[in-house]
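The values are calculated or read from the model by the stated rules, or taken from the named source; none is laboratory data. Since this is a predicted model, take the numbers as computed values, not measurements. No Cβ is skipped: glycine too gets one built from the backbone with ideal geometry, and neighbour counts run over all protein chains shown.
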Amino acid sequence: MDKPETKTCEFCGEQVLKVAIKCKHCHSSIPDQPSLTSEAKDLLAGGKRPFNKIKKRYLLLVLILSALVIILAPIAIYENAPYPLWAKIIAPFDTRPEATISSLLTDSRKMRQHNIELCEWHQREYLREKTLYNKKMKDVICSK
């Protein structure tokens with residue numbers, strides 16, 4: 001009669017049947033793992049990684065870096081980078097702060113807050129378009 005195939009229990013080191021799910025010596029569960037391929041054994045032993053995995057990682061790194069260069073290059077080239085470029089993109093959505101005279105006259109805190117917002121808006125306008133008019137308006141509004 002042929003001897004049944006056995007395997008070694010990884011907890012106690014005793015021989016058990018290959019189909020066993022629990023060791024008869026230490027009563028621990030034996031994981032049902034498929035045998036490792038030679039490539040996996042090399043990795044566990046500290047061997048070289050497969051070339052295609054290394055290649056994929058470097059390719060991903062190169063793609064990320066090139067995307068950053070493509071996105072950031074126009075900003076770095078543009079004069080006075082990066083704020084004016086963003087200011088020109090945001091300009092259509094950045095409206096001048098509005099308030100009614102009656103609401104400003106009744107509350108001095110609202111008046112101060114409105115002046116601060118107006119000053120900030122004029123400073124952004126001047127950064128967007130450095131004209132003499134924008135400079136004068138920024139100077140007049142922000143000097144208060």
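Observations, loosely collected:
- Filter result for Asn52 (assigned to a helix (DSSP H, G or I), polar (S, T, N, Q) and at pLDDT below 85): yes
- Here Arg112 meets the list (1) surrounded by 12 or more Cβ atoms within 10 Å (Cβ to Cβ); (2) at pLDDT below 85; (3) in a helix (DSSP H, G or I) almost entirely, failing just condition (2).
- Qualifying residue in region 15-31 (condition: modelled with pLDDT under 70 and loosely packed, with under 10 Cβ neighbours inside 10 Å): no
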